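Inspection log for the structure reproduced underneath, given as structure tokens.
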Amino acid sequence: MKTFCAILALCSAFLLFGTPTFAQDKAADPAAAVTAAPAAAPAAAPAAAPGPTPNKGDTAWMMVSTVLVILMTVPGLALFYGGMVRAKNTLSVLMQVYVVFSMCIVLWAIYGYTLAFGSAGTFIGGLEKLFLLGITPDSVSATFSKGVVIPEYVFFAFQATFAGITPALIVGAFAERMRFSAVLLFILIWFTFSYLPMAHMVWYWDGPDAITDAASLEKVTAAAGFLWAKGALDFAGGTVVHINAGIAGLIGAYLVGKRVGYGKEPMTPHSLTLTMVGAALLWVGWFGFNAGSNLEATGTATLALVNTLLATAAAAVSWMVFEWLIKGKPSMLGAASGSVAGLVAITPACGFVGPMGGIIIGLSAGVVCLWGVNGLKRLLGADDALDVFGVHAVGGILGSILTGVFVSPELGGTGVYDYVANKVADFDMATQVIAQSWAVGVALVWSGVVALIAYKIVDAMVGLRVPEEVEREGLDINEHGEKAYHL
């Protein structure tokens, strides 16, 4: 109960740190009124030109994509993680994913959406849409095409699923030893001060209709998020989701400490069947995650879908082959982990690179992330239980940098669109890779610092870790009074 009150108090304090201001209606302000000559009839105001209306096909596709991302989180991510822990901790991991996703969806509606997408700002948005103020079924959001919009509610819901799955990814790093209350309090802080700023920095801009000439482009760039203004490309969340969550997970693995018996006792997955089912659901749901990020049912959405298919398959094969060569046997866990690595790496690139570029990214991800969960993990010395850093951060870094390479039209990519000239711009690979590197660096530093502070706050308030006897007996029965299995 004390923990719940602490969470509620922290959330309330955040909501009250500022009050949204609204433009005053000049017609209601006597000082702003203009008195007309008595004999002159008021001139009729010209009728406003109707704005663009959403296309039913785009709206339907975005609704389906939103549901697909929910599928990849609960049950997909929950089962993928749940199968990899020991049986005595299965329920705790399922519970953490389920509740973290649910909590962040609510926080997104209360204040998350407005801080990420509410208004202009270099690092964070404003409070104009606090509690979804002003959003109606008739409200619209921009897409990536001029004159094309979608209902704002479907954009809100789609982005809510991203805000829900990203913090849920982190729990795999400190699985099997962190207090449930500490998990929730940490996520509340990290979501507010890391996820929301990163989403705003990478994805916020005024939309293509605001760009008509060089001057308007300069104005849009000045009002956009910091990394969008730098020219960083992130189609579906390589930085916002995967690097952001991955580095937070690594910091947590260090601060929470290693599991009791780590390196001395076997800690093998209790059910690779669940893990395989979870990985398959992740793959299916990821088509909504990636292709839905186009915001329209167009050819670019189909490109993102094809790349998601190809890169994932390529990564599953490359991880399996190299594991076979190194360890002498191919494993189901390796194939499943490889597919997730491919999904992660293609996420920032899926709508920008050609199919052959997607395959190369997938093949590279399988090998690099295999090293990330083996060689790199040993070098780092952290007990990242479910390899959140080795798969998500490493895969996200790889995919983000390679996006800057394979977006090149000469390598089959789409190039970078110029909304002033309304055509693909001349491409400079070095400039684009530098922009991608900016995004990677900011994500690592920003999330790492926020995570470090958040873990310290939580440790001081409720304590990060369960007692040793609780950990040995299992979190399921001690933290939740239930068991995943009754054998």
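The values are calculated or read from the model by the stated rules, or taken from the named source; none is laboratory data. Remember, it's a predicted structure, so these values are computed and weren't measured experimentally. No Cβ is skipped: glycine too gets one built from the backbone with ideal geometry, and neighbour counts run over all protein chains shown.
Table: residues versus (1) polar (S, T, N, Q); (2) surrounded by fewer than 24 Cβ atoms within 10 Å (Cβ to Cβ).
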site: Val97; (1), (2): no, no
site: Ile124; (1), (2): no, yes
site: Ser139; (1), (2): yes, yes
site: Ile170; (1), (2): no, no
site: Ala199; (1), (2): no, no
site: Val202; (1), (2): no, no
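Go through the residues of the range 180-187 one by one and say whether even a single one is part of a helix (DSSP H, G or I), buried (at least 24 other Cβ atoms within 10 Å of the Cβ) and either modelled with pLDDT under 95 or of a type in the set (Phe, Trp, Tyr) (or both).
Yes, because at least one residue in the range 180-187 is part of a helix (DSSP H, G or I), buried (at least 24 other Cβ atoms within 10 Å of the Cβ) and either modelled with pLDDT under 95 or of a type in the set (Phe, Trp, Tyr) (or both).
Looking at Gly82, is it part of a helix (DSSP H, G or I) and among the small types (Gly, Ala, Ser)?
yes
For the range 283-302, name all the residues that are in a helix (DSSP H, G or I), in contact with a Phe, Trp or Tyr (Cβ under 8 Å, 6 or more places away or on another chain), surrounded by fewer than 24 Cβ atoms within 10 Å (Cβ to Cβ) and not hydroxyl-bearing (Ser, Thr, Tyr).
Ala301
Evaluate the range 142-150: report whether one residue or more is surrounded by 22 or more Cβ atoms within 10 Å (Cβ to Cβ) and part of a helix (DSSP H, G or I).
No, there is no match, as no residue in the range 142-150 is surrounded by 22 or more Cβ atoms within 10 Å (Cβ to Cβ) and part of a helix (DSSP H, G or I).
Does Ala484 qualify as being buried (at least 17 other Cβ atoms within 10 Å of the Cβ) and closer than 19 Å to Ile247 by Cα?
Here the answer is no, as Ala484 does not meet what is asked.
Does the range 235-252 contain any residue that is within 28 Å of Leu386 (Cα to Cα) and at pLDDT below 95?
no
Give the residue, chosen from Pro208, Pro197, that is farther than 11 Å from Phe123 by Cβ and touching a residue at least 60 places away in the same chain (Cβ under 8 Å).
The conditions single out Pro208.
Could you list, in sequence order, the residues of the range 295-333 that are farther than 21 Å from Gly285 by Cβ and not β-branched (Val, Ile, Thr)?
Gly299, Ser318, Met320, Phe322, Glu323, Trp324, Leu325, Lys327, Gly328, Lys329, Pro330, Ser331
Just checking, which of Asp418, Asp387, Asp383 is surrounded by fewer than 19 Cβ atoms within 10 Å (Cβ to Cβ) and acidic (Asp, Glu)?
Testing whether each residue is surrounded by fewer than 19 Cβ atoms within 10 Å (Cβ to Cβ) and acidic (Asp, Glu) leaves just Asp418.
List the helices (runs of 4 or more DSSP H) inside the range 400-481, counting only whole elements, that have at least 1 residues being under 27 Å from the mean Cα position of the chain (by Cα).
Result: 429-461.
Give me the pairs, please: first residue somewhere in the range 144-172 and under 17 Å from Met62 (Cα atoms), second residue anywhere and at pLDDT below 95 and of a type outside the set (Gly, Ala, Ser), beta-carbon distance under 6 Å, and either six or more positions apart or on two chains.
Val149/Pro52
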